[in-house]
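The values are calculated or read from the model by the stated rules, or taken from the named source; none is laboratory data. Computed from a predicted structure; not experimentally measured. Heads up, the Cβs are rebuilt from the backbone with ideal geometry, glycines too, and the neighbour counts pull from every protein chain shown. Keep in mind that these areas ignore ligands, DNA and RNA; they rest on the heavy atoms of the full protein, side chains included. Shrake-Rupley method; radii C 1.70, N 1.55, O 1.52, S 1.80 Å.
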Amino acid sequence: MRPQIALLTLSLLIAHGYRILQTNEDGWAALYLRSLFNALKASGHDLVLVAPAENKTGSGSRDEQPRTRLESCHFNSCTVSPQVPETFGENKTQQRLYWVNSFPITSLRVAVTRIVENFWFGKRADLVISGPHSGTTLGSQVLSSGTIGAAAYAAEALFLPALAFSGASEADLPWNTTAIPESSVVYTELAEFLTSRVLDIGEPYLPDNTFLNVNFPKIESKCRDPEDFEWILSRINSIAIEPDVRHCNKNRLPTEAEVISKGGCRISVSLGEGTTKLTAPGWKQIQLRDNLESLWSCL
Ligand SMILES: *[C@@H]1O[C@H](CO)[C@@H](O)[C@H](O)[C@H]1NC(C)=O
Ligand SMILES: *[C@@H]1O[C@H](CO)[C@@H](O)[C@H](O)[C@H]1NC(C)=O
Ligand SMILES: *[C@@H]1O[C@H](CO)[C@@H](O)[C@H](O)[C@H]1NC(C)=O
């Protein structure tokens, strides 16, 4: 290979790795979150994970100054010592894994002000990923969800595109569990697939001040292979103030709860507005519909 070509190949390989900041509401030690982290890292992305020290499910948009941690983290995933008071900490043997003794939004705030600089030297994240959360985040659950709280904060306050993932099959398991459930494997594959489709769009990835709320169905015998799944463009809530994008020969998108309750191997993908956590207006949905045109199936 000629040196120029070798160099070009190398720079293309490097360009493949995007800077991704990951958080969740289930806690930094949760299996779903860690499985996706490991998979994206193995694909060459440049990840930093910063998430609550414990399960903060249902924390909505809470954001409080982290306090000194006085007890070990969720699932015994960190140890604390009274001699060294810490409000956030890291896995000392594996870089890029951090806990913060507060909520998901606070975790992102601490990440951008105190952590990512160590790895990205002044560069911002390309994308924020929240989750996958163990359990659904559909319709009215969106407002109280810490997974969505973090994604909406990323979109509105950090001006970063954000993907929020949730899975109906619950697995409240630690990162180092030995009996890994199939749901963890499948959700990881699906989340990684959508993440690369969104990154392939190129900047700014999503319309201004928006996030995606993605809900995976329960993993059962017939929904296993990522190929078995259908991706359905949906809306978060049923009350529509502004019209939806025209899609699948309809003027109205199905709600995400309709998509998931219909059964089958269907995944709902709603575009949310960062500021309100409501469905983003049709003129923003158009960009998503067209940018991921080959992804969609009709309900
Ligand atoms: C920290 O990283 C080490 C080395 O990869 C791993 O064995 C351990 O399980 C990790 N612990 C946590 C809580 O991430
Ligand atoms: C986290 O908390 C929620 C709500 O309290 C609970 O339903 C869920 O099982 C908990 N998850 C874990 C991993 O403990
Ligand atoms: C996971 O790691 C924690 C903390 O080191 C430990 O207490 C627990 O026994 C480990 N679980 C397994 C299944 O290895």
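Worth a mention:
- Filter result for ALA154 (touching a residue at least 24 places away in the same chain (Cβ under 8 Å), away from ligand 2 (no atom under 16 Å from the Cβ) and closer than 30 Å to LYS222 by Cβ): no
- Within region 221-238, the set of residues being touching a residue at least 12 places away in the same chain (Cβ under 8 Å), out of contact with any Cys (no Cβ under 7 Å at 6 or more places or on another chain) and open to solvent by 30 Å² or more (accessible area, probe 1.4 Å) comprises ARG224, PRO226, ASN237, SER238.
- Number of positions in region 65-77 that are within 23 Å of the chain's Cα centre (by Cα), in a loop (DSSP other than H, G, I, E, B) and within 16 Å of ligand 3 (Cβ to nearest atom): 2
- For beta carbons closer than 6 Å, sequence separation of 6+ or different chains, a first residue in region 47-67 that is within 20 Å of PRO174 (Cα to Cα) and a second that is outside any strand (DSSP E or B) and among the polar types (S, T, N, Q), the qualifying pairs are VAL50/SER107; ALA51/ASN24; ALA51/SER107; PRO52/SER107; ALA53/ASN101; GLY58/SER144.
- In region 279-299, the residues that are outside any helix (DSSP H, G or I) and touching a strand residue (DSSP E or B) at 6+ places or on another chain (Cβ under 7 Å): THR279, ALA280, TRP296, SER297, LEU299
- When LEU199, LEU173, LEU253, LEU194 are checked against the criterion of being within 16 Å of ligand 1 (Cβ to nearest atom) and open to solvent by less than 70 Å² (accessible area, probe 1.4 Å), LEU173 stands alone in meeting it.
- Filter pass, LEU143 being open to solvent by 40 Å² or more (accessible area, probe 1.4 Å), at pLDDT 95 or above and within 16 Å of ligand 3 (Cβ to nearest atom): no
- Considering residues of region 19-53 that are charged (D, E, K, R) and open to solvent by 50 Å² or more (accessible area, probe 1.4 Å) only, the residue farthest from ligand 2 (Cβ to nearest atom): ARG19
- Test for THR188: is it open to solvent by less than 10 Å² (accessible area, probe 1.4 Å) and touching a residue at least 60 places away in the same chain (Cβ under 8 Å): no
- Unique match (being open to solvent by less than 20 Å² (accessible area, probe 1.4 Å), within 21 Å of TYR32 (Cβ to Cβ) and in contact with a Pro (Cβ under 6 Å, 6 or more places away or on another chain)) among VAL128, VAL100: VAL100
- Residue-level check: of (1) within 21 Å of CYS223 (Cβ to Cβ); (2) within 15 Å of the chain's Cα centre (by Cα), GLU182 misses just (2).
- Answer from LYS92, LYS56 - the residue that is out of contact with any His (no Cβ under 6 Å at 6 or more places or on another chain) and either among the hydrophobic types (A, V, I, L, M, F, W, C) or away from ligand 2 (no atom under 16 Å from the Cβ) (or both): LYS92
- Contacts under 7 angstrom Cβ, first residue in region 207-220 being surrounded by fewer than 18 Cβ atoms within 10 Å (Cβ to Cβ), partner in a loop (DSSP other than H, G, I, E, B) and modelled with pLDDT of 95 or more, 6 or more apart: LYS218/ALA168; LYS218/SER169
- Within region 80-123, tally of residues that are assigned to a loop (DSSP other than H, G, I, E, B), at negative phi, more than 10 Å from ligand 1 (Cβ to nearest atom) and without any contact (Cβ under 8 Å) to a residue 24 or more places away in the chain: 6
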